[in-house]
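Since every read-out is calculated from the coordinates, none of them should be taken as a lab result. For clarity, every value in this text was computed on a predicted model and none was experimentally measured. Note that we place each Cβ from the backbone using ideal geometry, even for glycine, and neighbour counts take in every protein chain shown.
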Amino acid sequence: MSAIVAIVGRPNVGKSTFFNRLIQRREAIVDAVSGVTRDRHYGKSDWNGKEFSLIDTGGYVLGSEDVFEKEIDKQVELAIEEADAIIFMVDAETGVTGMDEDVAKLLRRVNKPVFLTVNKVDNPKRAADAVEFYALGLGEYYNISSINGSGTGELLDELVKVLPEGEPEVDELPRFAVVGRPNAGKSSFINALIGEERYIVTDVAGTTRDSIDTKYDRFGFEFHLIDTAGIRRKAKVKEDLEFYSVMRSVRAIEHCDVCLLLLDATRGFDGQVENIFWLASRNNKGIVILVNKWDLVEDKETNTIKHYTQRIKQAIEPFTDVPILFISVLTKQRIFKAIETAVEVYKNRSKKIVTRRFNDIMLPIIESNPPPAYKGKYVKIKFCTQLPTPYPQFAFFCNLPQYVREPYKRFLENKVRENFDFSGVPITIFMRKK
Ligand code: GDP
Ligand code: GDP
């Protein structure tokens with residue numbers, strides 16, 4: 001689990017330019033590997049060996065040209081609740097504005113680290129002018145230029161110092177997160193799972209801490225349920241803010257082993273659901289897709305489940321080895337099965353394959369289907385092994401790793417999946433020099 005850093009600030013100060021600078025290098029790699037469309041406002045970055053998630057909150061504000069103050073307030077409030085550190089960006093070119101002052105007012109009350117960052121300091125003259133930002137009452141500030149990169153190193157040095165270390169796992173129990181769009185039935189599902197008593201606890205003001213990780217013992221399984229304490233807040237925030245649900249999903253996904261991705265059968269597996277799916281898979285989390293409200297689907301002739309499944313698989317290509325269940329929280333249909341499947345996916349994710357057996361199975365397959373020659377060179381794979389990582393990654397050792405192309409790696413992944421059960425789990429294939 002990595003820390004979450006949120007970038008807040010009014011439109012046009014350079015938030016997305018800064019965001020792109022930080023995640024570009026990594027994302028380029030991720031995109032090349034998975035061929036996946038990415039969310040332009042959420043990504044992973046790292047500095048001095050410390051990894052963190054970065055969220056450009058501005059990207060989720062509607063109509064960002066002519067933005068309402070209310071929207072900015074909401075954006076900042078959510079960032080305050082969900083992030084571990086906040087980068088508050090202002091613009092040296094325009095100087096302090098009224099909207100900056102409003103945001104500063106919210107941030108002054110926060111006891112999370114806030115990094116006041118003056119952007120567009122492209123030259124020394126601007127650096128001198130930046131002193132006016134002391135007036136925001138947030139103390140020291142960082143001068144940066146997101147365009148040419150100056151000052152960003154100093155900012156990141158200080159930022160990663162305050163980020164929490166990844167929490168050590170307290171036990172070996174599976175951690176499940178229930179994620180999905182608003183109204184998919186997440187609260188109802190959690191309720192069906194753990195009983196009504198939880199609401200009583202959460203509704204009493206002041207008795208809850210931001211408990212995101214609670215241990216349960218249901219249906220003969222022991223597991224942790226990762227919840228972002230969103231149930232109570234839900235009553236407060238009525239808006240169908242996609243940003244809100246993305247923030248919650250990010251938080252929950254970071255903390256879990258397996259995501260139970262709920263969707264409303266009558267609304268389908270749309271772009272927003274797909275986004276959450278990619279969030280989970282790019283974080284190497286296990287995934288179970290639960291098509292909820294199946295009771296509302298009238299026309300259930302034998303083919304419906306098959307067609308529905310096919311449509312989802314098309315949307316999640318190439319990572320299609322994911323369990324898809326059709327459930328109804330209302331009638332409690334297959335609720336137990338959902339948990340059972342999540343436990344299986346958890347086991348798949350922590351599975352370790354003995355190297356000897358792995359080679360015995362994979363090497364003959366490779367021998368009869370070697371990597372195609374590339375630029376006249378032949379690749380010889382000699383040995384393979386699972387890496388000692390918390391989720392499945394495999395290394396294939398060969399003479400010319402750089403000549404093994406994506407399709408062949410996908411072929412290897414498929415063969416691994418055919419021979420070992422990694423259902424619901426993203427796996428990574430590395431080619432290494434030997
Ligand atoms: P956002 O709305 O806060 O996400 O702002 P953008 O990242 O879209 O940037 C707004 C404008 O400021 C764009 O035209 C950027 O090219 C420009 N910009 C961003 N960072 C810098 C910088 O460091 N120096 C200068 N001169 N312009 C910048
Ligand atoms: P959340 O926003 O994802 O937490 O969704 P809720 O749990 O609040 O559910 C949204 C609405 O869908 C509520 O009115 C639920 O009663 C309803 N709902 C949830 N699950 C089912 C289901 O399996 N079948 C039907 N018909 N309605 C459901």
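Each of 336, 394 has some number of other Cβ atoms within 10 Å of its Cβ, and from fewest to most they run 336, 394.
With the largest listed first and rounded to whole Å, the semi-axes of the equivalent ellipsoid of segment 247-397 from the Cα gyration tensor are 35, 19, 16.
Calculated from the alpha-carbon coordinates, segment 84-195 shows an Rg and a Dmax of 20.1, 62 Å respectively.
Cβ crowding within 10 Å ranks 294, 278 as 278, 294, fewest other Cβ atoms first. Fewest-first ordering of 56, 100 by other beta carbons within 10 Å of each residue's beta carbon gives 100, 56.
Ignoring lysines fewer than eight residues from residue 112 along the same chain, the ones with Cα atoms less than 24 angstrom from its Cα are 15, 44, 50, 70, 74, 161, 234, 236.
Considered as an equivalent ellipsoid built on the Cα gyration tensor, segment 330-434 has semi-axes of 32, 14, 11 Å, the largest given first.
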